[in-house]
Each structure stands twice: as C-alpha cells, then as structure tokens.
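Here the structure is laid out as structure tokens; the discussion comes afterwards.
Bear in mind that the values in this text are calculations on the coordinates, not laboratory data. In this text the structure is predicted, and so the values were computed from the model without any measurement. Counting neighbours? That spans all protein chains shown, and the Cβs are built from the backbone with ideal geometry, glycine included.
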C-alpha cells in the first residue's frame, strides 16, 4: 500500500515552488512537470494528498494554485501571462537566501502519513483551475441579466460593490428576478475564475449560529465534534454564499461572530476541534478562502462574498436587519421594469401563437389596475399557465394562482376595488362569482363588505 500525506500549511509550498521554477529555467506552462517537481521537493512524490470536495485534483495541487496567487501578489512570481508560472528576481533572491535552510521535516513527518489504496495519479491539467482573478469582470452585463428585464445601472452597481470588497443584498418587490440575478452573478464569477463556486440557501426564522457558524454534533463512537455550518462550509470550499430571503432570519442571532468577520476582523469561536485547538475565522492573505486544518482556522479570502436577497413587500412583517448588519453590505434595488417592456413580452407571446389576443388585452388591463405592481417573473408565470391550459377558466385560474397572493396585507377596500375594476375580464357572472369567492376566502373578507 502506498502512503497519503495529510494536508499541510500552504506556506510550506512557497519555497519548493519557487525553487522548482528556478530549476526549470524560470518559467513553465502550468502542468504535470511542475507539479511532479514540487512534489519531489516536498517529499511526497509517489504519495497522495487527501482529496478535495471540489471536483479536480488532490488538495495539495489545489492549494498550490492559491500559493502561486499569493506569491504573485507579493511580487515573487509574475502573473502577466495566463497559464504560465514565472519566477521574478525577487523570488529568485528569496530562493538564494532561504532554500538552504528549508527543512522538509518541519512539514512531513510520520504523524502526517496515512495508508491509502491508490498512488498519486497523473493530473489532468484541464481540471486544475488557474489562479483566481483579482477583479470581478463578467463577460457581459447580459451574463448577469439573463432573461430578466432590468436596466444596466443595477448590474453596474452589483459589479462595483463586489469589486469594492463588500457583501451584497438585492432588494425589491416579488417577481423582479433578484434570486436569478444573484445566481447569474455567481455563475459569472465562477466562469471568470473569481471564485470556485457558490452555495444557494434560503434563510428561515429558525436559524441560529448553529446553522450558519456551526456547533457540536454527536458522532458515532466519538464525543461531540464540531460540525461547521453553511457559512464556514462556503468559506472552506472557496464558494460564495447566496442567501435567499435573508430577512426571514434574525440576522444578529443567526450570524453572531460572523458580524466581526464581515467587518474585516479576526475572531475566535467558542468551539474547539478534535485536538482541542480553538477554532478561529480570520482574513486570508490572498484571494481564495480555505480551511487550515493544522491551525483550526477558516481563512476568508479577498474574493469571498455573501449575496442576499430581500423582498421589500415583506420587510415590515419579517425580521428587521440591524444597522450593525446592514452596514457590512451594499444594497442594490431591483425594481419592476416599465410596463411597456412587459407589454412587449405579452405581444411576443401573441406573435408566437402561444397566447390569444383577447387574453393579451386582459393581462395588459390587469397590469394597469393591479393594486401592487406585478414583477416580470409573475407575468411570465401567468403567460406560461395560459400557454399550457386552453380553457375559458384559464385566465381566472392564472390570476388566482399567481397574482392574488401578491395582494397579501392590502386593505379589504383596496382588494374589493380591484375586483370591481377587473370584473368584466374575469368572464361571465359564474366566473365573476368564482373570483369573488376566492377573494373572500383568501383575504377573509366579510360578506357584508361586498
């Protein structure tokens, strides 16, 4: 059986990487030749590092990417040409001064070797991500917009806030595409190598620091062991955290010590790892985020972000975000598009043969009298319903399914006024009576109010 080397501190790779570049001739295209030479100098050639949860090579190669990024930032490597790793004069001088005193035994010892079944395999260099980009530059504004009807200004704001090293919350009424925009921005960040991935979750009123930071959990045949929450998991995997409906949680209660990290300060958690070492969260020196097992430290890189969404219609009935929490975020409002743009979508469905002209006119009139503006996502839901169901009842059913829930919280008088204005479009007296019954039950309207 061959041996496996457990994860070691990333700083240990710096000198072997620089020394390898010197011996190769100063620069080399990213690939197996460099990895194997570094492995030899680190003393684990023929051994395998533990695997990473991110699809790709072993963790030591994954770590090497971040080490190279940090060396470029410090001027010891040249990052001017993508895919080429090159040492600078500053890096050569460091090798000249420090290499002779480099001691492998400080990092590789018997206690770090574990049995495994398979030896180190050749690395597919296409699976290895290049170093992270220092700036979020999406391929285009449309890459973030997707199919959402939104002007360029909010997209520019999103990009600017992310590049200003701030976290982000998208606000706006329901159906404006806030979550889709957050996902699109995250996928664009992954595609442009600003971050390794993202995790999408939805906040709940039950959230505590156990869900976000973590806590002790019983393990088979072991005492209680610290289990990281979703925030620490995102940090350890170098992934953005997307929190939908962020104000459904009590932010101060559920984020706790994370508030300190979001302000750029280090913090020690009231937990310890299995070796009894206190678990900490600190700022990393580079762009990437990771978990340093030996130091029991979650390191937050410069490119890590939290992206949240918040429904402004619900903000008075849900938890209020404290000023301490809000000042750690930049806010971008995603508003409803002009009605003219929604009309274009409706007319397009008529031209495609997926909507009859009569229903198109009804939807347009609905948009002009609805007591709350309907977002494009809601309009598209109505259009899709009418496309799938060809029936005299379909229009009323689509309004009940998608439009009426948006009126929650409105005064009874407002809802009754809406019914009177829209009654003719609901169809014959039978369909109108059906709609009145829906409204009465959904909003608990007294019969006498009609």
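The table below gives the values:
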read-out: Projected label distance in nm at residue 260 and residue 93, using a 7 Å step from Cα toward the beta-carbon; value: 3.8 nm
read-out: Pairwise label distance in nanometres, residue 414 with residue 433, each label 7 Å out on the Cα-Cβ vector; value: 3.0 nm
read-out: Which of 354, 431 has the fewest Cβ neighbours within 10 Å, and the rest in rising order; value: 354, 431
read-out: Fraction of beta bridges assigned by DSSP in the chain that are antiparallel (%, nearest 5); value: 45 percent
read-out: Average projected area [Cα convex hull, the chain], square nanometres; value: 27.5 nm²
read-out: The chain: angle of helix 178-191 to the longest principal axis, Cα-based, in degrees nearest 10; value: 30 degrees
read-out: Nearest-0.05 FRET efficiency for residue 352 and residue 275, computed from C-beta distance (R0 51 Å); value: 0.20
read-out: The range 142-235, relative contact order in percent, only Cα pairs under 8 angstrom and at least six apart counted; value: 19 percent
read-out: 42, 217 arranged by Cβ crowding within 10 Å, fewest neighbours leading; value: 217, 42
read-out: Rg and Dmax of the range 142-333, Cα atoms only, in Å; value: 16.9, 57
read-out: Relative contact order, percent, the range 142-333 [alpha-carbon distance under 8 Å, six or more residues apart]; value: 28 percent
read-out: Cβ-Cβ FRET estimate between residue 164 and residue 27, R0 fixed at 25 Å, reported to 0.05; value: 0.15
read-out: CD proxy at 222 nm, helix term only [per DSSP H run n ≥ 4: -39500 (n - 2.57); per residue of the chain; nearest 500]; value: -11000 deg cm²/dmol
read-out: The range 245-284 residues near the modelled residue 74 label - backbone nitrogen below 15 Å, point 7 Å along Cα→Cβ; value: 284
read-out: Full-stretch length increase - residue 394, residue 102 - with 0.36 nm per residue and alpha-carbon distance subtracted; value: 97.6 nm
read-out: Degrees separating the helix 339-351 axis from the principal Cα axis of the chain, which is the longest one; value: 80 degrees
read-out: At R0 = 35 Å, FRET efficiency that the Cβ-Cβ distance of residue 384 and residue 205 yields, to 0.05; value: 0.70
read-out: Ranked 413, 245, criterion: other C-beta atoms within 10 Å, fewest first; value: 413, 245
read-out: Length added when fully stretched, residue 344-residue 224, from 0.36 nm per residue minus Cα-Cα; value: 37.3 nm
read-out: At 0.890 mPa s and 25 °C, Stokes D of the range 339-449 from Kirkwood alpha-carbon radius, µm² per second; value: 171 µm²/s
read-out: Over the chain, relative contact order from alpha-carbon pairs under 8 Å, at least 6 apart, %; value: 14 percent
